[in-house]
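The structure under discussion appears below in the form of structure tokens.
The values are calculated or read from the model by the stated rules, or taken from the named source; none is laboratory data. Since the structure is predicted, the reported quantities are computational estimates derived from the model, not experimental observations. Methodologically, a virtual Cβ is constructed for each residue, glycine included, from the backbone with ideal geometry; neighbour enumeration extends over all protein chains shown. Side chains included, ligands, DNA and RNA excluded: accessible areas come from the protein's heavy atoms. Shrake-Rupley method; radii C 1.70, N 1.55, O 1.52, S 1.80 Å.
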Amino acid sequence: MDLEKYFIKSDLIPAVIQEKSTGDVLMVAWMNRESMAKTLETGYTWFWSRSRQELWNKGATSGHLQKIVDIWSDCDDDTLLITVEQTGAACHTGSHSCFFKKIK
């Protein structure tokens, strides 16, 4: 698969992670070419850490893995929607989803 079409506008692409069984949006993270390739190759999510400037495999240290079910691209090929089977909490705080702070 040629990944270049996803990186025409930027070297990073946002990935919205959604739990397949509940429809919950679990998190948003960034992918570069290498992390997207590793995600496709392994069947588990890999991201690019903008703060640490390194690849990270979600759940590699916590055991809270995200097994890929589907990967969708938006109409402009500049955002991904990844549905997963989530093991444990998705958020580093221990919350199931990173989206737990209601504003309004």
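Could you list all residues from the range 53-65 that are out of contact with any helix residue (DSSP H, G or I) (no Cβ under 6 Å at 6 or more places or on another chain), under 23 Å from Asp11 (Cα atoms) and open to solvent by less than 60 Å² (accessible area, probe 1.4 Å)?
The initial filter retains those residues of the range 53-65 that are out of contact with any helix residue (DSSP H, G or I) (no Cβ under 6 Å at 6 or more places or on another chain), namely 53-54, 56-65.
Checking the rest, the ones that are also under 23 Å from Asp11 (Cα atoms) come to 53-54, 56-58.
Of everything in the range 53-65, those that are out of contact with any helix residue (DSSP H, G or I) (no Cβ under 6 Å at 6 or more places or on another chain), under 23 Å from Asp11 (Cα atoms) and open to solvent by less than 60 Å² (accessible area, probe 1.4 Å) turn out to be Asn57, Lys58.
Please state which one of Ser62, Ser21 is touching a residue at least 24 places away in the same chain (Cβ under 8 Å), in contact with a strand residue (DSSP E or B) (Cβ under 9 Å, 6 or more places away or on another chain), part of a loop (DSSP other than H, G, I, E, B) and not basic (Lys, Arg). Give the derivation first.
Working: Ser62 fails: in contact with a strand residue (DSSP E or B) (Cβ under 9 Å, 6 or more places away or on another chain).
Checking each option against the conditions leaves just Ser21.
The conditions are (1) without any contact (Cβ under 8 Å) to a residue 60 or more places away in the chain; (2) over 10 Å from the mean Cα position of the chain (by Cα); (3) surrounded by 15 or more Cβ atoms within 10 Å (Cβ to Cβ), and Thr93 fails exactly one of them. Which is it?
(3)
Could you identify the single residue in Val69, Val16 that is touching a residue at least 60 places away in the same chain (Cβ under 8 Å), within 15 Å of the chain's Cα centre (by Cα) and either under 25 Å from Phe100 (Cβ atoms) or surrounded by 17 or more Cβ atoms within 10 Å (Cβ to Cβ) (or both)? Spell out how you get there, then give the answer.
Details: Val69 fails: touching a residue at least 60 places away in the same chain (Cβ under 8 Å).
Being touching a residue at least 60 places away in the same chain (Cβ under 8 Å), within 15 Å of the chain's Cα centre (by Cα) and either under 25 Å from Phe100 (Cβ atoms) or surrounded by 17 or more Cβ atoms within 10 Å (Cβ to Cβ) (or both) holds for just one of Val69, Val16, which is Val16.
Mind counting the residues in the range 65-99 that are among the β-branched types (Val, Ile, Thr) and not in a loop (DSSP other than H, G, I, E, B)?
Kept after step one, since they are among the β-branched types (Val, Ile, Thr), are these residues of the range 65-99: 68-69, 71, 79, 82-84, 87, 93.
Adding the requirement that they be not in a loop (DSSP other than H, G, I, E, B) leaves 68-69, 71, 82-84.
Counting residues in the range 65-99 that are among the β-branched types (Val, Ile, Thr) and not in a loop (DSSP other than H, G, I, E, B) gives 6.
Would you confirm, using the coordinates I've provided, whether Ser51 is assigned to a loop (DSSP other than H, G, I, E, B), over 19 Å from Leu3 (Cα atoms) and in contact with a strand residue (DSSP E or B) (Cβ under 6 Å, 6 or more places away or on another chain)?
Working: assigned to a loop (DSSP other than H, G, I, E, B): yes; over 19 Å from Leu3 (Cα atoms): yes; in contact with a strand residue (DSSP E or B) (Cβ under 6 Å, 6 or more places away or on another chain): no.
The answer is no for Ser51.
Evaluate the following for Val25: is it surrounded by 15 or more Cβ atoms within 10 Å (Cβ to Cβ) and among the aliphatic types (A, V, I, L, M)?
In short, yes.
Of Thr45, Thr39, Thr87, Thr83, which residue is open to solvent by 40 Å² or more (accessible area, probe 1.4 Å) and either out of contact with any Cys (no Cβ under 6 Å at 6 or more places or on another chain) or modelled with pLDDT of 95 or more (or both)? Talk me through it step by step, then tell me what you get.
On the way: Thr45 fails: open to solvent by 40 Å² or more (accessible area, probe 1.4 Å); Thr39 fails: open to solvent by 40 Å² or more (accessible area, probe 1.4 Å); Thr83 fails: open to solvent by 40 Å² or more (accessible area, probe 1.4 Å).
Answer to the selection: Thr87.
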